[in-house]
Amino acid sequence: MKLTFHSIYELVFIPFRRRRMNRFFALFAPSTDIRVLDIGGTAETWSSEAEGDARFPVTLINTYDYGPVEDKRFTSVAGDATALPFADNAFDIAFSNSVIEHLGTWEKQQIFAREARRVARKLWIQTPARSFPIEAHLLAPYIQYLPKSVQHRIARWTPRGLLQPGLVHEIVDEVRLLTHREVKQLFPDCLILKERVFGLTKSYIAVRGYN
């Protein structure tokens, strides 16, 4: 089998995401009549076996318009996560998985957090932990602690750079990983859960309004 980033993603990250979704359903126990906003997500996120019969409507909002989704329970919207085109409390749950770190600056991350908290009463916002030894986007150890200029020079030789050289400089420019203190500051009214691997915190999840 040819080694690709997609094959590595399927092998390494999908099991974590599946476990994370199981945790989401266990905490929120969503019914069929709730309204979920998935910020930066896709329909594939909601294929978890833990979902069972609770096929609630999900609105997917992304920067780019990916077109309509075949399953009618999904509504796809093109929009900006820092200026969500929805009224206050328009949704029951605002959900986001590994998106806020792509906003690039602390200022934009603050706006993202305010918008997510504004449009829904309940929250589930996940992001990789800056302290985890392996940077999740480039698959390289401790590169997140280096200046951006240095990251650009060595990104081509990271595992992600060897597999997808055309993407790594965009990744370096846009990814700003968050610390635990910053996540708490962004979501002061949330419980901050920690996902751990071998005792190390792999990611944070800001949760509000769970059952």
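The values are calculated or read from the model by the stated rules, or taken from the named source; none is laboratory data. All values derive from a computational prediction rather than experimental measurement. Don't worry about glycine lacking a Cβ; one is built from the backbone with ideal geometry, like all the others, and counts go over all protein chains shown. Calculation scope for accessible area: heavy atoms of the full protein, side chains included, ligands and nucleic acids excluded. Shrake-Rupley method; radii C 1.70, N 1.55, O 1.52, S 1.80 Å.
Some notes on this structure:
- Taking one quarter of the surface of the convex hull spanned by the alpha-carbon atoms of the chain gives a direction-averaged projected area of 12.3 nm².
- A Cβ-based charge dipole, computed about the Cα centre of the stretch 147-188 with Lys and Arg at +1 and Asp and Glu at -1, lands at about 160 debye.
- Nearest-20 debye value, the stretch 102-155 charge dipole, Cβ charges on Lys, Arg, Asp, Glu: 280
- Summed over qualifying helices (DSSP H, 4 residues or more, each -39500 (n - 2.57)) and divided by its residue number, the chain shows a 222 nm mean residue ellipticity of -9000 deg cm²/dmol.
- Between 0 and 90°, nearest 10: helix 106-119 axis offset from the chain longest Cα axis: 20
- A crude spin-label estimate for the pair Arg118 and Leu3, with each label 7 Å from Cα along the Cβ direction, gives 4.6 nm.
- In straight-distance terms, cross-link reach from Lys148 covers every one of the lysines whose alpha-carbon lies under 28 Å from its own, apart from those fewer than eight places away in the same chain; here that gives Lys108, Lys184, Lys194, Lys202.
- Annotation: Asp173 carries an accessible surface of approximately 100 Å², with a 1.4 Å probe and no ligand, DNA or RNA atoms counted.
- Simple rule: put +1 on each Lys or Arg Cβ and -1 on each Asp or Glu Cβ in the stretch 34-190, find the dipole, and look at Ser76, Ile34, His180; the Cα lying farthest toward the positive end is His180.
- Against the main long axis of the alpha-carbon atoms of the chain, helix 5-28 sits at an angle near 30°.
- Packing-based order for 85-91, 152-158, using average beta carbon neighbours within 10 Å, highest first: 152-158, 85-91
- Here the stretch 72-186 is treated with +1 on each Lys and Arg Cβ and -1 on each Asp and Glu Cβ, and its dipole about the Cα centre works out to around 240 debye.
- The slack in the chain from Tyr210 to Ser47, taken as 0.36 nm per residue of separation less the alpha-carbon distance, amounts to 56.6 nm.
- In the context of the full set of protein chains, the stretch 62-174 has a per residue accessible area of 50 Å² (1.4 Å probe).
- Among the protein heavy atoms of the chain, carbon and sulfur supply 56% of the accessible surface, probe 1.4 Å, non-protein parts ignored.
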